[in-house]
Structures are given as structure tokens and as C-alpha cells.
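Here the structure is laid out as C-alpha cells; the discussion comes afterwards.
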Amino acid sequence: MQDYRELHRSSIADPEAFWLNEAGRIDWGRPPTIALDHSRPPFARWFPDGTTNLCANAVDRWAASRPYEPALICVSTETDTEKTYSFAELLDQVTAWAAAFQSLGVGRGDRVLIYMPMIAEAVFAMLACARIGAVHTVVFGGFASGALAARIDDATPTLIVAADAGSRMGRVIPYKPLLDEALGMADHRPSKVMIVDRGLAPVHWAHHDVEANALVDACRHVEVAPADLPSDHPSYILYTSGTTGKPKGVQRDTGGHAVALAASMKHIFFGEPGGVFFATSDIGWVVGHSYIVYGPLIAGMATIVYEGAPIRPDPGIFWKLVERHRVSTMFTAPTALRLLKKEDPAHLARYDCSSLKALFVAGEPLDESTSSWIADSLGVPILDNYWQTETGWPILTVCRGLTDVEPRLGSPGLPAYGFDVRLVDEVTGEPVPVGEKGVIAIATPLPPGCLSTIWNDDARFVKTYFQSIPGKMLYSTFDWGVQDTDGYTFILGRTDDVINVAGHRLGTREIEEAISTHPAVADVAVVGAHDDIKGQTPVAFVVLRGALAAGDELAQAIIQAVAREIGALAKPTSVNFVDSLPKTRSGKVLRRALQAVWEGRDPGDLTTIDDASALTAIYALRDARTMATKA
Ligand code: AMP
């Protein structure tokens with residue numbers, strides 16, 4: 001075990017030496033001799049003279065040395081199926097998919113949009129892109145046509161890969177009609193659409209649609225060697241919410257990405273070849289990219305791809321999978337644990353979870369009671385870790401695989417090696433004293449694995465992340481934090497208008513825009529309100545046009561507009577009709593004051609408010625709600 005402080009200090013004092021050493025964890029075509037090109041800050045090009053391939057590191061490497069070991073364990077409690085692919089079988093599948101992509105004209109740098117449920121083919125498609133140097137952009141299957149159309153237009157994919165349907169809690173959710181609707185809304189036209197027909201929902205085949213399985217079968221035994229790509233070649237784009245209605249395409253490189261994940265698997269996630277990793281996220285989110293697909297496979301581990309809910313067929317399903325597949329590392333979100341905590345503890349006690357070394361949780365604050373409950377139930381360390389789509393791997397954690405530091409309840413931990421974390425004053429950018437609230441910022445260069453830019457928008461990358469803290473070239477996480485005397489950081493919520501619903505980040509602006517598509521809506525504000533299970537849920541305050549009558553029917557129509565535009569995950573849990581919104585004199589909605597009042601907290605300084613009666617109305621709504629709940 002190393003001394004944490006010494007390790008962290010060396011990674012910051014001499015990042016080049018630190019990361020060149022870590023680069024030895026992956027296979028290179030041409031090994032890098034230079035760690036970093038930081039000549040154009042804040043852009044950081046890691047391993048600029050190296051060449052490599054993510055798929056070769058995730059698949060070929062292990063297919064050569066451990067061909068018959070499990071690589072993908074695909075379990076669906078929705079379709080009652082289970083299938084394991086060894087590394088050799090995974091290589092065959094991925095090669096055939098890569099050949100299929102090439103046969104459809106997909107080349108290096110072309111985008112492939114993947115809109116798929118949690119099935120093996122989704123992973124084949126991602127790895128096939130990596131193999132040929134195409135850039136995948138996975139869109140979470142829970143997103144609806146409006147969100148999908150926006151991503152199609154931004155990424156301008158050559159090819160879209162989708163499935164006939166997904167399934168959730170036993171209910172089939174057809175994907176193809178949503179995709180067709182999105183294509184109708186989007187300006188961009190992909191050349192082809194590949195559909196994996198699972199036989200779950202009828203498919204209406206259009207002229208550009210290709211049936212995936214037949215094409216892939218026809219491409220078996222075509223040799224497709226992994227492309228030897230420059231380290232800074234984009235490997236993927238993953239959209240995430242910000243404060244504007246337009247999602248940001250987080251772009252990740254190839255070499256830095258591979259090294260960062262390989263290092264994190266070793267130092268943070270107890271990743272050893274032959275181990276089994278179970279991340280309960282979805283490939284549509286960053287955890288799915290880093291710790292369902294690339295991280296575990298790069299580490300030579302088997303990874304579980306699970307299509308299903310945490311409570312179906314019963315709330316013991318996670319632990320059943322742990323026992324059955326001898327899972328060594330598990331990764332989940334606090335929301336899932338809070339859901340399971342409500343259930344009979346017998347569901348957990350029934351299974352032998354002794355293979356587990358640790359349970360990692362991330363994505364949202366982990367409350368102490370949930371943390372203690374699961375620690376007592378499982379008898380393994382519960383390791384909270386804090387990071388973002390942008391960073392791709394943990395910023396704050398305790399690196400138990402590498403150092404001797406202990407976790408501290410309520411805090412995700414200390415800065416991971418490579419992250420020079422500072423807590424700074426929002427206005428001056430100066431460091432805040434220990435114990436005082438500040439913006440969590442990271443000094444440049446960001447370590448390998450972090451976003452290299454925003455797709456097609458370098459200016460937005462610089463402006464959004466590096467110019468929000470005045471006068472300093474610091475990356476802003478847009479999270480508030482406070483540090484204790486030992487350097488443990490505690491997360492205190494977002495500084496911007498992003499909310500976190502069940503560990504998923506949603507922009508309130510996006511939800512407001514979806515609500516505004518309803519013709520009855522004149523003005524709207526959405527805030528995140530506390531929820532015991534999901535952490536937060538969206539609550540909408542709507543001003544209607546003219547003399548329209550508010551009512552349940554209209555509220556439902558507004559909720560449906562959100563489901564249609566973004567997806568069910570963004571649906572407001574409450575729609576409140578008001579005469580006006582609390583705004584500043586310059587017209588900015590006071591979302592934080594709205595949220596505070598709704599949650600029964602002090603709204604703070606209201607000197608900038610234009611019309612105090614707007615907030616008075618919200619007090620009345622809140623009181624009415626409280627009375628209704630009590631009744
Ligand atoms: P996403 O990019 O969707 O993964 O969301 C990242 C955001 O989730 C962060 O900026 C935080 O607001 C929140 N978050 C992630 N991990 C944690 C954690 N361990 N504790 C508290 N908040 C977290």
C-alpha cells in the first residue's frame with residue numbers, strides 16, 4: 001500500500017512521469033514517448049505520439065491470452081435469457097459487426113449513433129466502432145424522439161443502430177417508432193439504419209433500414225484488423241445536460257481514455273483479469289461506457305450486461321447475480337440502494353455475496369443511512385466516488401486498491417491521483433478556507449480520460465468549463481463542496497440549473513423547453529425538488545396563456561409533452577399553475593428561491609426579485625400541498 005498523499009502529490013507535481021508510467025498498462029501500436037501536449041491550454045493532448053486501439057485493448061489482447069474466459073455475461077430478466085460470450089467469441093462478434101459497418105460505408109471518424117437497450121449487440125456495436133475508428137454516440141434508450149433528434153442533428157451520424165424494442169418491468173417499449181419519429185424531426189439523414197430485430201415488437205421497415213443479424217451473419221469471417229489510431233482520435237461522443245436547452249457532446253479521445261480506465265480499474269476498482277464486474281447502470285450513461293464496457297474489458301474482467309430492474313422478479317435480483325456469477329466488484333447508484341432498502345432484508349440475506357470485494361456507488365449523494373444499511377447487510381466496504389460524464393472516471397474517491405486511506409461517511413473521499421482539485425470562491429476564484437463552501441474546480445491539465453472537447457464546439461468547451469470561474473484557468477464541475485481538515489470533500493449540490501434524478505443529470509432548461517411546446521403554456525420554470533428515493537424529481541411551475549383554465553387534464557398533457565420530447569425519466573412529478581413566476585428585474589427566473597420555498601427552506605436573499613407576489617403564490621401552493629399530504 002502506498003501513502004496516499006505522496007502518490008497524489010507526485011501525480012500533480014510531475015503528471016508527465018506519472019502518466020507515462022501508467023501508459024504501460026495498455027498495448028500500443030506505437031508506444032508514446034511524450035506524455036502530454038499542453039501547448040494550447042485548456043486543451044490537453046495525452047500521449048500525442050502514441051497510437052493504439054481501444055477494441056484491441058478490450059478484446060483482442062484477452063482473446064489471445066485467455067480466449068475461453070468469460071467476457072460478456074448478458075442477463076435479461078425482461079426476456080428471461082442469459083448468454084455468456086468468451087473473449088474469443090466476443091472478438092468474433094465484434095469483428096463481424098465491424099465488417100458489417102464497413103460494408104455500409106462507415107469509415108474512420110464517421111459517427112455511429114447507437115440507440116439500444118441493454119443487449120449484447122449494443123456492446124458489439126460500440127466495440128466495432130472502436131475497432132475501425134468510427135466514433136460512437138450512444139443515446140440512452142429512455143430518451144424520446146425529441147432528444148434523439150437533437151442528438152442526430154448534432155452528431156450527424158453516417159449510421160444509426162437500433163433495436164425493435166426494449167423492455168422495462170415486463171412492458172415492451174418499441175424503439176423503432178421513436179427512432180422513425182426522431183428521423184422525421186431531424187434535419188440530418190443517416191445513410192443507413194441497422195435494426196436488431198429481437199422479435200419483441202412489429203417493425204415497419206423503411207427503405208434505408210437493414211436487418212442487423214442477417215448483415216452481420218453475412219460478414220462473418222471477414223478479417224477486420226483493429227485500426228492503429230492516433231492517441232487523440234475521438235473514440236466517442238456522449239451527450240450530457242447543461243444549463244442551455246442544447247445538450248453538450250462530451251468528446252473523449254482514444255489513448256488517454258484507455259490509460260485512464262486501465263489505471264482506474266487497477267487502483268480504484270480492484271480490477272484483476274479473471275474478476276467479474278457488475279455495474280448496474282446503462283450503456284446510455286457514462287458509467288455504462290466506462291464501467292460496463294471499456295474499463296472491465298480492458299482489465300481482462302468479465303462484465304455483466306443486465307437488462308432489467310432492481311426489483312423484478314424480486315428485490316433479490318442484484319444479489320442473485322452476484323452469487324451466480326461470483327461478482328468481485330459491483331457498482332450501483334444510491335437510488336437503487338434506497339429502493340432496495342425499503343424491501344424485506346431477507347431478499348439480500350438469501351444470497352452468498354462473499355465474492356464481493358467492494359460496492360462502489362456514484363452519480364448522486366449517498367446518504368448516511370443508506371450507506372450504513374448496505375454496509376451492514378453486505379459486510380464489504382461501500383465506496384462512494386464522485387465524478388461526471390466529462391471526466392469519465394472518479395475525481396474523488398479513496399483509491400483503496402492503491403493506498404491506505406479510509407472512506408469517511410458522507411464524503412466521496414479525496415482527490416484521485418491526477419486530479420488537482422481546488423475549492424474556490426464563485427466570484428473571486430480564490431481558494432476558500434477549510435470548512436467553507438466553494439465551487440469544486442480542477443486545475444489544468446485535466447488528467448487523461450477527461451473530455452478532450454465538446455463535439456464540434458471548441459469555443460463552447462472553453463467558455464463553459466474554463467471561463468466560468470473568473471480570472472483563473474480552472475475547470476468548473478458546477479458542484480458546490482466543502483472540505484474538512486483532512487481534505488475529504490463533501491458534495492453540496494449543483495451551482496447551476498442542472499438537477500439529478502435517480503443519478504441522471506437533467507437540465508431544467510431542457511424540461512422547460514419541452515413544456516413550452518404545449519400551446520397552452522406562456523411561461524414555465526422547472527426546479528428539482530427533494531425525493532426520498534430518486535434524490536430529486538422535476539417540479540414545474542406553469543403560467544398559462546390568456547384565460548385558459550388550469551386543471552388535471554392540462555397538467556397531464558404537459559407531463560406527456562415532456563415524455564414525448566425528452567423521455568419518461570424527465571416527467572415532472574408535480575405541475576403547478578401560477579399567475580406569474582418569481583423573476584429578477586432583468587427577467588431571470590429565481591429557480592433557487594422557488595426550489596427553497598417548495599422544499600420548505602428559507603429562499604435567502606430576495607432583494608433582486610421584481611414582484612414578490614409571485615413567490616407568495618408558491619408559498620400558498622406549498623402549504624396546500626403539505627395540507628393535502630397530511631390529510
Ligand atoms: P453525470 O455527468 O450525469 O454523471 O452527473 C454528474 C453529476 O452528478 C455531478 O456533477 C454531481 O452533481 C453528481 N454526482 C456524481 N457523483 C456524485 C457523488 N458521488 N456524490 C454526490 N454527487 C454526485
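The values are calculated or read from the model by the stated rules, or taken from the named source; none is laboratory data. Remember, predicted model here, so these are calculated numbers, not experimental data. Positions of Cβ are generated from backbone atoms using ideal geometry, with glycine treated the same way; all protein chains shown enter the neighbour counts. Ligands, DNA and RNA are stripped out before the accessible areas are found, and what is left, the full protein with its side chains, is counted by its heavy atoms. Shrake-Rupley method; radii C 1.70, N 1.55, O 1.52, S 1.80 Å.
Distance from the C-alpha centroid of region 350-394 to that of region 570-631: 35 Å, rounded to the whole angstrom. As a calculated quantity, the FRET efficiency between ARG171 and ASP605 at R0 = 51 Å, using C-beta atoms, amounts to about 0.65. At full extension, ALA346 and VAL222 could sit 39.6 nm farther apart than now, given 0.36 nm per residue minus the alpha carbon distance. Apply the a/c threshold of 1.5 to the C-alpha gyration tensor of region 350-425 and tell me whether it is rounded, prolate or oblate. The shape class here is prolate.
Over region 561-623, average the accessible area per residue using a 1.4 Å probe and give it in Å², no decimals.
It amounts to 49 Å² per residue over region 561-623.
The stretch between THR626 and ASP3, if pulled fully straight at 0.36 nm per residue, gains 219.2 nm over its current Cα-Cα span.
Between beta-carbons, use under 11 Å as the cut-off and find the net charge around PRO117, counting Lys and Arg +1, Asp and Glu -1.
-3
In a shell of Cβ-Cβ distance under 12 Å around ALA514, excluding ALA514 itself, what net charge do Lys and Arg (+1) and Asp and Glu (-1) give? So the environment of ALA514 carries a net charge of -1.
For region 26-127, the Cα gyration tensor yields ellipsoid semi-axes of 30, 18, 14 Å (square root of five times each eigenvalue, largest first, whole Å). Sorting 323-329, 101-107 by average packing, meaning the other beta carbons within 10 Å per residue, from highest down gives 323-329, 101-107. Charging the Cβ of each Asp and Glu at -1 and of each Lys and Arg at +1, and nothing else, the dipole of the chain about its Cα centre rounds to 300 debye.
Working ranking of peptides 558-566, 458-466 by packing, defined as the average number of other Cβ atoms within 10 Å per residue, highest first, is 558-566, 458-466.
In the context of the full set of protein chains, region 256-397 has a per residue accessible area of 26 Å² (1.4 Å probe). Each Lys or Arg adds one and each Asp or Glu subtracts one; over the other residues with Cβ under 12 Å from the Cβ of THR244, this totals -1.
Using the Karplus relation 6.51 cos²θ - 1.76 cosθ + 1.60 with θ = phi - 60°, the per-residue 3J(HN,Hα) values for region 77-91 come to 8, 7, 10, 6, 10, 8, 8, 10, 10, 6, 4, 5, 5, 5, 4 Hz, with x marking Gly and Pro. For each pair in LYS342/LYS534; LYS246/LYS583; LYS437/LYS588; LYS83/LYS320; LYS437/LYS472, compute the distance between the two Cα atoms and list the pairs where it is over 21 Å. Long pairs (Cα-Cα over 21 Å): LYS246/LYS583; LYS437/LYS588. Only helices enter this figure: runs of n ≥ 4 DSSP H residues, each worth -39500 (n - 2.57), summed and divided by the residues of the chain, yield -8500 deg cm²/dmol at 222 nm to the nearest 500.
If contacts are Cα pairs under 8 angstrom and at least 6 residues apart, what is the relative contact order of region 1-51 in percent?
Relative contact order here is 28 percent.
Across the options ALA218, GLY429, PHE43, the greatest Cα extent toward the positive end of the charge dipole of the chain (unit charges at beta carbon of Lys, Arg, Asp, Glu) belongs to ALA218. Counting only protein heavy atoms and a 1.4 Å probe, region 420-516 has 38 square angstrom of accessible area per residue. For the chain, with all protein chains in place and a probe radius of 1.4 Å, 52% of the accessible heavy-atom surface sits on carbon or sulfur. For a straight C-alpha distance cut-off of 17 angstrom, the aspartates and glutamates reachable from LYS176 (same-chain residues fewer than eight places away being disregarded) are GLU121, ASP164, ASP197, ASP209, GLU211, GLU565.
Considering region 437-518, its Cα convex hull presents a mean projected area of 7.7 nm².
Taking every C-alpha pair closer than 8 Å and separated by at least 6 residues, the mean separation divided by the residue count of the chain gives a relative contact order of 12 percent. Note on the chain: Kirkwood radius taken over Cα pairs, Stokes-Einstein applied at 10 °C and 1.306 mPa s, translational D equal to 63 µm² s⁻¹.
Taking every alpha-carbon pair under 8 Å whose residues sit at least 6 apart, region 356-429 reaches a relative contact order of 26 percent.
About its Cα centre, region 449-513 has a charge dipole of approximately 160 debye under the convention of +1 per Lys or Arg Cβ and -1 per Asp or Glu Cβ, with nothing else charged.
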